[in-house]
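Reading through the structure tokens given below for one structure.
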Amino acid sequence: MQPRGSGSSKLDATFAALADPTRRAILARLATGEATVTELAAPFAMSQPAISTHLKVLERAGLISRGRDAQRRPCKLVAKPLEAATDYLERYRELWEERFQRLDTVLEELKRRPR
Amino acid sequence: MSKLTITTPAPCEIHFHRVFDAPRQLVYEAMTTPALVRRWWGKRDTEMTVCEIDLRVGGKWRFGLRTPEGFEVVFHGEYVELSPPDRTVHTESFEPHPEVSTIVTTLTEHGGKTTMVAVATYPSQEVRDLVLGSGMESGAAESYDRMEELVRAT
């Protein structure tokens, strides 16, 4: 099991990486298959160094991996942190569902209350 | 009874949808009366330390919890609109963060059941994600608790 702190700081990195629209667009492109920096830069009005900076953030967050081929270094989507981000939403839902189940109990009592 | 659905259709929003098996007058009462809120708003095994509701437009509300680790968690805000029993608008902040979110709650009733739709709007996606993260923290804490219970049971 992982200590709680390291798990959540990893998630912080995931969410920080996902907070930028360009980076989300890059991930959406990579969801269709691996691509080089040149290919990724093409649809954006951005220089390759600017795209490379975004790729570094995504790589640090563990959202993408880079190939070893020194010339091309193709980028690939890594699914695990994204799954953790989805898990985030499910945990939040569970927190509120637990609350609302307790509220259901309170409502049952209110319904039985003499008027 | 339909379970809660949560969606994030926009970067700064969280939408809640749930059906309660009770008339909306009772749902409204259970959501705005401190003695009743205390019974459901806390977390598993965590009592509310503060539950204050000044139920009028411009009135303040303040909910506090003490986490099992001993941290004090306080949410507070103000009532912007109160139209019992079908609609409320309130603001919410989470100490010590200054950001303010707005929550519009609508209750509609059909055949004695109440559908709640709540739309929470945050000042930025970063704040929205921070709020979503609060579920992860408590969810994780509760999972650890449950794991402990299982370990003790075996």
In the range A:52-109, residue nearest to B:T5 (Cα to Cα) [restricted to those that are touching a Leu at 6+ places or on another chain (Cβ under 8 Å) and of a type in the set (D, E, K, R)]: A:R93
Tally the residues that are of a type in the set (D, E), at pLDDT 90 or above and surrounded by fewer than 16 Cβ atoms within 10 Å (Cβ to Cβ), restricting the search to the range B:23-52. 1
Looking at the structure I just gave you, is A:A41 under 18 Å from the mean Cα position of the chain (by Cα) and more than 11 Å from chain B (Cβ to nearest Cβ)? no
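Every residue, every condition in (1) hydroxyl-bearing (S, T, Y); (2) at pLDDT 85 or above; (3) surrounded by 14 or more Cβ atoms within 10 Å (Cβ to Cβ), yes or no:
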{"residue": "A:M1", "(1), (2), (3)": "no, no, no"}
{"residue": "A:S6", "(1), (2), (3)": "yes, no, no"}
{"residue": "A:L11", "(1), (2), (3)": "no, no, yes"}
{"residue": "A:T14", "(1), (2), (3)": "yes, no, yes"}
{"residue": "A:A17", "(1), (2), (3)": "no, no, yes"}
{"residue": "A:A25", "(1), (2), (3)": "no, no, yes"}
{"residue": "A:E34", "(1), (2), (3)": "no, yes, yes"}
{"residue": "A:T38", "(1), (2), (3)": "yes, yes, no"}
{"residue": "A:A42", "(1), (2), (3)": "no, no, no"}
Every residue in the range B:1-22 that is more than 11 Å from every other protein chain (Cβ to nearest Cβ) and exposed (fewer than 13 other Cβ atoms within 10 Å of the Cβ), please. B:P9
For the range A:58-81, the count of residues that are surrounded by fewer than 17 Cβ atoms within 10 Å (Cβ to Cβ) and in a helix (DSSP H, G or I) equals 4
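Listed here are the residues, each with its yes/no results for (1) of a type outside the set (G, A, S); (2) out of contact with any Gly (no Cβ under 8 Å at 6 or more places or on another chain); (3) without any contact (Cβ under 8 Å) to a residue 60 or more places away in the chain; (4) not in a helix (DSSP H, G or I).
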residue: A:L11; (1), (2), (3), (4): yes, no, no, no
residue: A:T22; (1), (2), (3), (4): yes, yes, yes, no
residue: A:R29; (1), (2), (3), (4): yes, yes, yes, no
residue: A:L40; (1), (2), (3), (4): yes, yes, yes, no
residue: A:M46; (1), (2), (3), (4): yes, yes, yes, yes
residue: A:A50; (1), (2), (3), (4): no, yes, yes, no
Would you please list the contacts, defined by Cβ atoms under 8 Å and residues six or more apart or on different chains, that run from a residue in the range B:106-128 that is free of Cβ contacts under 8 Å to residues at least 24 places away in the same chain to a residue that is assigned to a strand (DSSP E or B) and of a type outside the set (V, I, T)? B:T106/B:R87; B:T106/B:M116; B:T106/B:A118
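The values are calculated or read from the model by the stated rules, or taken from the named source; none is laboratory data. This structure is a prediction, so every number in the text was calculated from the model and none was measured. When we count neighbours, we look across all protein chains shown, and the Cβ atoms used for this are built from the backbone with ideal geometry, even at glycine.
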